[in-house]
Amino acid sequence: MELQLRSARVYAASFKCPVRIYYAADETHFALPSKPTAELAPAHHLDVQAVAVDGGHNSALASEIEQAIEFFRQTSN
């Protein structure tokens, strides 16, 4: 039950704004929940994408942050 409550996939049809799910490409275990979540959302006319960022848990972080900032800038205009 705890895992289900924390899973974005369970709520893939409930996002209220555009979403980008950034995850480190070297950590495939994060792709497992992220990709299906992004694949379910368009059926509900939602803008949700899973984005693999080169690197691992720590090495991808700077790029994930930069991409998130740019995404927020684009969606706020």
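The values are calculated or read from the model by the stated rules, or taken from the named source; none is laboratory data. Predicted, not measured: the structure shown is a model, and the values here were computed from it. Glycine gets a Cβ as well: all are built from the backbone with ideal geometry, and neighbour counts include every protein chain shown. Just so you know, the surface numbers come from the protein's heavy atoms only, side chains and all, with ligands and any DNA or RNA stripped out. Shrake-Rupley method; radii C 1.70, N 1.55, O 1.52, S 1.80 Å.
Under 5 Å between amide H atoms, partner at least 5 residues away or on a different chain: which partners does I21 have, H built in plane at 1.01 Å?
Residues meeting the criterion, in which the H sits 1.01 Å from N, are Q49, A50, V51.
Could you put D54, D47, D26 in order of accessible surface area, largest first, with the 1.4 Å probe and the full protein assembly present? Don't skip to the end; give the middle numbers.
Details: D54 135, D47 70, D26 115 Å².
Descending order: D54, D26, D47.
Can you list the trypsin sites (Lys or Arg not before Pro) in the chain that are in a DSSP coil and have 12 or fewer other beta carbons within 10 angstrom?
K16
Considering just Cα atoms, how many Å³ per residue does the convex hull of the chain enclose? Please report the intermediate quantities before stating the final value.
Numbers: hull volume 7.1 nm³, N = 77.
It is 92 Å³ per residue.
Extending each Cα 7 Å along its Cβ direction at E70 and L3, get the distance between those two points in nm, one decimal.
With each label point 7 Å from Cα toward Cβ, the separation is 3.5 nm.
For the stretch 1-49, run through the GluC sites (Glu not before Pro) and keep only the ones in DSSP coil with at most 10 other Cβ atoms within 10 Å of their Cβ. Write down the numbers at each step before the final one.
Values: sites: E2, E27, E39; in loops: E27.
Nothing satisfies the criteria.
In terms of solvent-accessible area of protein heavy atoms at a 1.4 angstrom probe, what is the ranking of S34, S63, S14, highest value first? Let's see the in-between values first.
Numbers: S34 15, S63 40, S14 65 Å².
Ranked from most to least accessible, the order is S14, S63, S34.
Can you give the calculated 222 nm mean residue ellipticity of the chain, where each DSSP H run of n ≥ 4 adds -39,500 (n - 2.57) and the sum is split over every residue, rounded to the nearest 500 deg cm²/dmol? Display every interim value, and only then the final one.
Values: 3 runs with 34 residues, N = 77.
Taking each H run of at least 4 residues, the total per residue is -13500 deg cm²/dmol.
With an 8 Å Cα cut-off and a minimum separation of 6 or more residues, compute the relative contact order for the chain in percent.
Here the relative contact order equals 32 percent.
Could you order T37, T75 by accessible surface area, starting with the largest, using a probe radius of 1.4 Å?
T75, T37
Using a cut-off of 15 Å between beta-carbons, work out the net charge of the residues near C17 (Lys and Arg +1, Asp and Glu -1, C17 not included).
It works out to a net charge of +2.
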